[in-house]
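Here is the structure we will look at, set down as structure tokens.
Values quoted throughout were computed directly from the atomic coordinates according to the rules given, and no laboratory measurement underlies them. Because the structure is a prediction, the values reported are computed rather than measured. Cβ: placed from backbone, ideal geometry, glycine included. Neighbour counts: every protein chain shown.
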């Protein structure tokens, strides 16, 4: 059985500066890292591989050629194989087109059991690609997973974090699981892993390799249209009503009337 | 400075620094306070393949030597000089096997050390034998296919935590220094026990303990080299391990400089940062000069030792002495730059000063090192004269 991890290379947000002239992100010279939530997905996949005999971890990223670096880092942690999904035709993909493209890659890999994703990416923050992949593949999804209790090639029992506590969910496998940071502590790379990752061949799969339908990929295949990206205006400072509590309360009531009733 | 590391060496350095930064630094103060052994970090070292960097590939290591051990010790010590000892003192305990072990002994012991499954410790010091190794009282008496060990070793780093002990004991007291032999002793051998755990000034994230041998039967297959080679084993081991102590001192010193530069840049007095004062600038510059000189010296000594050069005692001792004296001086200056804050445990530099002190003392005090250096000089001088 193959355990698949979907990862994304993102700018290191601890490193990002805003260009004061244009108010946009200064991306030049900013280090790229693996999306922090994906690190937990990688760690969990490796842990399951270590438990489940005969399984292997395939890590997949869709992005520009330099995303191969993220795949190498994942291999240095213990993933067996990395695949880069990259084609100019994929440019401008929204979450729908991205999850379609990734699902085509997963179909090509075949023999998949669990597909791990981080709960969301730190740049886009949509949390849609994982669930999207499950829909395109027609398999179940469990999001915000904080613990994998039991797993084999037929089913898995997991804990999904909720605001109040957690749900225990049993799901058939194959399944898409997105994980939260509570699930584990990602390991560091090992020296042998680093050496292996340096030598690892990372195949690049294009739209043609994946037999993607042209109208489902890239900008044309993306139903989302971004109209405008802007920085919301900062909230104006509040007002503190001073004086005796009774008078302040009266004034407050007056203000509320003014604002709400008009 | 660019020391022209190989790709593999750079990988070791980078990974060890990452471990120091992400895993050691956040917990160093806690281990220092609790005086506990850092097993969770040993697990990290093991999982990252750090434990075997100086062990040959055929025994499960990465095939490096003293140089690789030194760069790993340097970076881990940047995180914490005490916690790094779980790795570095294992190196000290392992070198007797690497240098004098036969193939069977290497096969039995090195793979588990390389994988990080087992730690090692070197046992030579006793209550009345430290600098004067000739004062060893622990005995090894031959009894058929075994030697029976009796005696108490003191201040053993990794004592009680390590599984593998390399021990120097007297097989023939009458012969003095030539009557000592070295043995490999497993922790679980009946008669091996451990005394009190020392409460130390620094390197408190390491274990320092008495190792007690009471009628411990060690099979003769565990004798290292031949009977009577004990002191040679010890001296050659120290030749190889001292650059490791030097590297530990270097890591501590580098951390002190890094902390000082940052603090001097942040701390404001008289409406400007203290880094704008020449008095502070010169201190920082002097720290950097000595640290870089230490690094150049250690790396050169380590490379020379790894090249198989003979008579490396002098360079090994020079690197240890210079780097440890540097670490002491630099960490004292770091506390001075931090001023009142430097004296407080809330800030990291007083610990660096406490940790640095031991590097001038163990694996031969710096006075003993100077003795080693001087006797090599005199020997070399005499040889020249004869020509």
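Using the alpha-carbon atoms, what tilt in degrees (0 to 90, nearest 10) does helix A:245-256 show relative to the longest principal axis of chain A?
Roughly 70 degrees, rounded to the nearest 10.
Can you work out the FRET efficiency for the pair residue A:215 and residue A:192, with r the C-beta to C-beta distance and R0 = 51 Å, to the nearest 0.05?
0.70
When the convex hull of the C-alpha atoms of region A:161-211 is computed, what volume per residue in Å³ does it have?
That works out to 173 Å³ per residue.
Quick check: convex hull of the Cα atoms in region B:134-178, volume per residue, rounded to a whole Å³?
On the way: hull volume 4.3 nm³, N = 45.
For region B:134-178, the hull spanned by Cα atoms encloses 95 Å³ per residue.
Quick one: Cα convex hull volume of chain B, Å³ per residue?
145
Tell me, A:112, B:299 in order of fewest to most beta-carbon neighbours within 10 Å?
Result, fewest neighbours first: A:112, B:299.
Rg (Å, one decimal) plus Dmax (Å, integer) for the alpha carbons of region B:231-380?
Cα only, region B:231-380: 17.4, 61 Å (Rg, Dmax).
Take every residue in peptide A:184-193, count the Cβ atoms of other chains within 10 Å of its Cβ, and give the average of those counts.
Averaged over the peptide's residues, the number is 5.
Classify region B:301-387 from the C-alpha gyration tensor, please: rounded if a/c falls under 1.5, else prolate or oblate depending on whether a/b exceeds b/c.
Verdict is prolate for region B:301-387.
Most mobile of B:311, B:366, B:222 per a Gaussian network model of chain B (Cα springs, under 10 Å)?
Of B:311, B:366, B:222, the Gaussian network model singles out B:311 as fluctuating most.
Taking the Cα centroid of region B:236-260 and of region B:190-214, what is the distance between the two, rounded to the nearest whole Å?
That distance is 23 Å.
Treating the angle as unsigned and between 0 and 90°, give the value, to the nearest 10°, between the Cα long axis of helix B:25-34 and the longest Cα principal axis of chain B.
Approximately 60 degrees, to the nearest ten.
May I have the extent of the alpha carbons of region B:336-387 along their three principal axes, as whole Å values ordered from largest to smallest?
60, 21, 11
Could you tell me whether the protein assembly as shown comes out rounded, prolate or oblate from its Cα gyration tensor? Rule is a ≥ b ≥ c as square roots of the eigenvalues, rounded for a/c under 1.5, then prolate if a/b exceeds b/c, otherwise oblate.
The shape class here is prolate.
Helix B:313-338 versus the longest principal axis of chain B: what is the Cα-based angle in degrees, 0 to 90, to the nearest 10?
40
What translational diffusion coefficient, to the nearest whole µm²/s, does chain A have by Stokes-Einstein, given a Kirkwood radius computed over alpha-carbon pairs, a temperature of 20 °C and 1.002 mPa s viscosity?
Estimated diffusion coefficient is 104 µm²/s.
How would B:171, A:157 line up from fewest to most surrounding beta-carbon atoms within 10 angstrom?
Ordered from fewest to most neighbouring Cβ atoms within 10 Å, B:171, A:157 come out as A:157, B:171.
How many angstrom lie between the Cα centre of region B:31-78 and the Cα centre of region A:78-96?
Using only Cα atoms, the two centres lie 37 Å from each other.
Distance between the C-alpha centers of region A:27-64 and region B:308-343? Whole Å please.
41
Just to be sure I understand the curve: with the Debye formula and one point per C-alpha of region B:121-230, what is log10 I(q)/I(0) at q = 0.14, 0.15, 0.20 Å⁻¹?
Here the Debye-derived log intensity ratios amount to -0.50, -0.57, -0.99.
Taking every pair of Cα atoms in region B:77-137, average 1/r, invert it to obtain the Kirkwood radius, and report Rg/Rh to two decimals.
1.06
Evaluate peptide B:44-57: per residue, the Cβ atoms of other protein chains within 10 Å of its Cβ; return the mean as an integer.
Across the residues of B:44-57, the mean count of other-chain Cβ atoms within 10 Å is 2.
Once the mean 1/r over all distinct Cα pairs of region A:1-157 is inverted, what Kirkwood radius in angstroms do you read off?
About 16.2 Å for region A:1-157.
Please compute, for the alpha-carbon atoms of region A:112-229, the extent along each of the three principal axes and give them in descending order in Å.
Result for region A:112-229: principal-axis Cα extents of 41, 40, 34 Å.
From zero outward in steps of 5 Å, how is the percent of C-alpha pairs of region B:7-119 spread across the bins?
Once binned at 5 Å, the Cα pair distances of region B:7-119 give 2, 13, 25, 25, 17, 10, 5, 2, 0.
Convert 25 °C to kelvin, take the viscosity as 0.890 mPa s, use the Kirkwood radius over C-alpha pairs of region A:185-226 as Rh, and evaluate the Stokes-Einstein diffusion coefficient in µm²/s, rounded to a whole number.
175
Per residue of A:61-68, how many C-beta atoms from partner chains lie within 10 Å of its own C-beta, taken as a mean?
Taking all residues of A:61-68 together, the mean is 0.
In deg cm²/dmol and to the nearest 500, what is the mean residue ellipticity at 222 nm of chain B if only DSSP H runs of at least 4 residues count, each as -39500 (n - 2.57), divided by the residue total?
Numbers: 11 runs with 196 residues, N = 387.
Helix contribution divided over all residues of chain B: -17000 deg cm²/dmol.
Once the principal axes of the Cα atoms of region A:75-162 are found, what is the range along each, listed largest first in whole angstroms?
If we take the Cα atoms of region A:75-162, the spans are 41, 30, 29 Å.
For a Förster distance of 30 Å, can you work out the FRET efficiency between the beta-carbons of residue B:29 and residue A:31, rounded to the nearest 0.05?
0.60
Write down the radius of gyration of region B:35-190 and its Dmax, each obtained from C-alpha positions, in Å.
Looking at region B:35-190, its Cα Rg and Dmax stand at 15.9, 48 Å.
Do the sum for chain A: with -39,500 (n - 2.57) for every DSSP H run of n ≥ 4, divided by all residues, what is the mean residue ellipticity at 222 nm, to the nearest 500 deg cm²/dmol?
Here the helix-only value at 222 nm equals -8500 deg cm²/dmol.
Order by neighbour count: B:153, A:192, fewest other Cβ atoms within 10 Å first, most last.
Ranking B:153, A:192 by Cβ neighbours within 10 Å, fewest first, gives A:192, B:153.
Treating region B:166-320 as a set of equal point scatterers at the Cα positions, no solvent, please give the Debye-formula log₁₀ I(q)/I(0) at q = 0.10, 0.19 Å⁻¹.
Log10 of I(q)/I(0), two decimals: -0.60, -1.20.
If you restrict to DSSP beta bridges whose two residues both lie in the protein assembly as shown, what percentage is antiparallel, to the nearest 5?
60
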